[in-house]
Each structure stands twice: as structure tokens, then as C-alpha cells.
Amino acid sequence: MESEPKATILVVEDDAGMQKVLALGLKKMQYQVALASNGKQALDLLEAGDLDPDVVLMDIRMPVMTGLQALPRVRELVPMSPVIMLTAFGDLDTGLDAMKKGAFDYLVKPSSLEKIRETIEKALGYRAILQEKAQEERRKEQYRLDLERRVESTYQELGSIYGRLREMNLQTAHALAEAVEAKDRYTKGHCERVRWISERIGHFLGLADDEIEQLEYAALLHDIGKIGIPDSILLKRRDLDERERQIMRMHPIIGAQILSTVQTFARAAAAVRHHHERWDGQGYPEGARGEEIDRLARIISLADTFDAMVTSRPYRQGIPVEQALRKLHELRGSQFSPEVVDAFFSSGLIDEYVGLFHDSLVKPDTITPDDQKR
Ligand SMILES: [Fe+2]
């Protein structure tokens, strides 16, 4: 029974007699044999891509293209196939030179078939090592790619969890804000509009994402402390006496206390505490001034006041947007941080705000003197 052919040997030899001897001998050893008569022919065969020899047996001295000339390109085309050079007796230097240029070994002609078999087997062993190494490299590369994919998908998963969490926190903040607004149904939508304006200013000022997030919570919840103000004062709306005013002015502190107990809103708590402070130090509850005032609070303060100016409540008439904008200019550097006023006007948010919340705004033909006592 004939065993499976072991490997394919490409024999590159110009001498027809020698080519025949080699071919017969190799076939006897169960190798498959491909033939070429010079370096050029061998390259044509390999470049055509039809042949993937396990070992190349190549004469050095050949017409058209010598083995040494063909060697570098053969190495490029079939880098896993060791090349054994055939050199004439007395031309050992050329054989050594070929090895320096990438040949696996060389045989001196004439060599016994046994010697040829031995050298081919060594070359095949070397090829097996090269292939194993290449496979190992591919496995490593695959592993690296898998790992990258896993990291990427974990990253995306975390991103979406974070997104959902943020969404839930915002929903919670909305729900709490609505609880405050429910006490005073005429302020409905105010907190969301304050959040909208604040977020736009925050982005314009280049705040980091996590700061914007806290800014949004704080904007939505800036009046959460009103939960702690008795309805008799909260709903009285006007003509508060001094004691009642003092109680009313507690709402930033109460709000900050409520929020500071929830880790998610801890940063927002500081902003809520300062949302009635003024740049010139005339605000409350601390009378903090300038940079002492929480930066997020400076934004919310302007957003809160502007939205309150341009929307009417039953107990006080709002003013048209144009008039409110003039007031903001006037209050730059006294009530409001100059940086925030400038961002408000430069960010292009005003037109968008008017477009989005048109229905809530005071119409220009209803101008009456306003009272902004609160
Ligand atoms: Fe407030």
C-alpha cells in the first residue's frame, strides 16, 4: 500500500540529467515534485500562486537567472518554505554566501540521495517550527482582537448603564422638582426651563460632562427646599413680613440639606445652597460674593431669574424678553457673574429658548409694570 505523499519539493535545476535524477529520487522517497529550469521559471511558478512548495531545492549556477538572484524573491513569496541550495564541488563559498542571504542549507553536487533526504527532512522540521510559530502569532493576534472586542463591548455596556443611570437620576430629579411645583401650580415648567438654560450655558462655558450633569440636577432641584416652607408663607406670595421673609430665605439651605443626604446629588447640593447669592455679595443665605459663589449656582441664578422675569404668575406680571435682556445687561457684575451673563448672550440660546417656550412667555403687547419682589 502506497503511503500519502509527504511534501512537495520544488526542484530548480537547469541540468536536465540532474533534474531527472533528483525528481526520480525524491518521488521514490514519496515526495511530490515540481520542476523549474532556472530562477526565472521558479519565480513565475511561485508568483502564479498555484504552487506552495514545502521545500525549495535550487541550483546556484543556472542560465537566465541564477539561484542567488532568485533567492531573495523566493524567500518573499514563500517565507515558510526553506530553500536548500545546490552548489558545485569547490564552490563552497557561494553556498555559504547563499545561507547568509537566507538559504536554509546547501548541498554539494553530487550528493547521495540519503544526504539529500536528510537535509530535506531537517528543512521540513524547520518549516514545521516556522508554521507553529506563525500559528502561535495568529492565535495571539486573535486573542488580542477578542480581548479588544470584549473590552470595547464592556465599555459600551458600562456606557449604556451609565446613560440609563443618569436618565433615572434625571427622572428622579424631575419627579422631585414636580413635587415642589405641585405646591405652586403656576410655576409649572419653570424648573425644566431653568435646567434647559443652565445646561446650555454650562456647555458654552466648557464644563465637563459630570459637572453638566450636576448642574442639571441642581437646576431642576434649586427650589426643592420650598418643601420645608409652610404653605402659609409659600403661598402668601406678597407682603411677607420680616420674619416670614427670613423663613422664606431658608429654602436654599433646606434644599442643600435635603440633597446632601443623597450621594448622587451631593455636588448639586452646594449649587442649590448658593442659587440666591449675588455676585456683589448682596444675596442670601451667606452673602457670598464673586468667586466665593459656587460656579454652578452662578449659572442657575441667572437662568432662574431670567425665566421668572419673562413668565407671568397670577401674583405678578412678567416682562417681555427684550426688556428682560436689557435688565440682565444692567445686572452684569452686580447680581450676576459677568462670565455667565456673557455666556448667556454669546451662546445663541435666547432665540432657541423663545422658540421652544413661546407659549409660556409674556407677549410684548401685555406690558405692565412688573414687580420682581421675590
Ligand atoms: Fe429659589
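Bear in mind these aren't lab numbers, they're just calculated from the coordinates by the rules spelled out. Because the structure is predicted, anything quoted here is derived from the model rather than measured. Cβ placement follows ideal geometry from the backbone for every residue including glycine, while neighbour counts extend to all protein chains displayed.
Numbers for the structure displayed
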item	result
Trypsin sites (Lys or Arg not before Pro) restricted to segment 252-313 and DSSP loop, no more than 14 other C-beta within 10 Å	R289
Length added when fully stretched, L170-Y126, from 0.36 nm per residue minus Cα-Cα	9.3 nm
Residue exposure sequence - K140, K27 - by fewest surrounding Cβ within 10 Å	K140, K27
Cross-link pairs K109/K133; K28/K101; K188/K327; K28/K133 - those with Cα-Cα distance over 27 Å	K109/K133; K28/K101; K28/K133
Charge tally in the Cβ shell below 13 Å around R243, where Lys, Arg are +1 and Asp, Glu are -1, R243 excluded	-1
Structure-based [θ]222 nm, the chain - -39500 (n - 2.57) summed over DSSP H runs of at least 4, per residue, nearest 500	-18500 deg cm²/dmol
Selection from L240, W279, I293, by position along the positive dipole direction of segment 184-366 (Cβ)	L240
Estimated dipole of segment 184-366 in Debye, rounded to 20 [Cβ of Lys and Arg +1, of Asp and Glu -1, Cα centre]	660
Sequence-distant residues sharing a close amide H with Q32 (under 5 Å, placed H)	K6, A7, T8, I9
Rounded FRET efficiency, nearest 0.05, which uses the C-beta distance separating M80 from R117 and R0 of 25 Å	0.75
Euclidean distance of C-alpha centroids, segment 1-71 and segment 177-240, integer Å	85
Size-normalised alpha-carbon gyration radius of segment 184-366, reference 2.2 N^0.38 Å	0.98
Simple Cβ-charge dipole of the chain, Lys/Arg +1 and Asp/Glu -1, about Cα centre, in debye nearest 20	600
